Amino acid sequence: MNLPLADLGLSLTQAPNPIVIGGYLTNILTITNRGPGSALETALTNPLPAGFNFVSAVSTLGNPSYSAGSVICQFGNLSSSSSATVTVVATPVILGSIPTPLSFPPALPIRPRR
C-alpha cells in the first residue's frame, strides 16, 4: 500500500537577542505538515548548546521531555495542513556565541549582565 507523502517544514524563532547570562533564551520550534499525506510517528529533538541549563519545555501536541542535553517531543501522527509547536526555555551560564540547531538565524551573541 502506497500512502501519500508528507512534506514537513521546521521553523525556529529565538529570543531575546542578545541574551544575558542568567537571562532566559526561548526557542520556539514549529513543525508543519504541508501534505498531502499524514506524517506518521512525527518527533522533534532539540539539543541544547553547551553552556545552557534547561528550564522548561511545553508543546501544543505531545509531552516534551528533557534527557541527555536534548528536549524530545513525540507528536505521533501529524495530519496534512497541521502543525505543532514546542517552546523550550534555557538559561546561559557562560559567555560566547551559541550555534542554532538550524541554519537560520545566525548564532546569537551572549552578553554579560550589566
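The values are calculated or read from the model by the stated rules, or taken from the named source; none is laboratory data. Since we're looking at a predicted model, the values are computed, not measured. Don't worry about glycine lacking a Cβ; one is built from the backbone with ideal geometry, like all the others, and counts go over all protein chains shown.
Quick look at the numbers
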read-out: Residues satisfying the stated conditions in segment 11-47, i.e. closer than 24 Å to Ala68 by Cβ and of a type in the set (D, E, K, R); value: Glu41
read-out: Hey, Val88 surrounded by fewer than 18 Cβ atoms within 10 Å (Cβ to Cβ), in a strand (DSSP E or B) and not hydroxyl-bearing (Ser, Thr, Tyr) or not; value: no
read-out: Verdict on Leu40 being at pLDDT below 95, surrounded by 19 or more Cβ atoms within 10 Å (Cβ to Cβ) and in contact with a strand residue (DSSP E or B) (Cβ under 8 Å, 6 or more places away or on another chain); value: no
read-out: Residues within segment 56-82 that are part of a loop (DSSP other than H, G, I, E, B), surrounded by fewer than 14 Cβ atoms within 10 Å (Cβ to Cβ) and touching a residue at least 24 places away in the same chain (Cβ under 8 Å), tallied; value: 3
read-out: Cross-chain or 6+ apart pairs with Cβ under 8 Å, segment 1-30 first and at negative phi and in a loop (DSSP other than H, G, I, E, B), then among the charged types (D, E, K, R) and at pLDDT below 85; value: Pro18/Arg111; Ile21/Arg111; Ile21/Arg113; Gly23/Arg113
read-out: Selection within segment 68-93 - among the hydrophobic types (A, V, I, L, M, F, W, C) and touching a strand residue (DSSP E or B) at 6+ places or on another chain (Cβ under 8 Å); value: Val71, Ile72, Cys73, Phe75, Leu78, Ala84, Val86, Val88, Val89, Ala90, Val93
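Yes or no, residue by residue, for (1) at pLDDT 90 or above; (2) within 28 Å of Ser38 (Cα to Cα); (3) not hydroxyl-bearing (Ser, Thr, Tyr):
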residue	(1), (2), (3)
Phe75	yes, yes, yes
Ser83	yes, yes, no
Val86	yes, yes, yes
Pro92	no, no, yes
Ile98	no, no, yes
Pro101	no, yes, yes
Pro106	no, no, yes
Pro112	no, no, yes
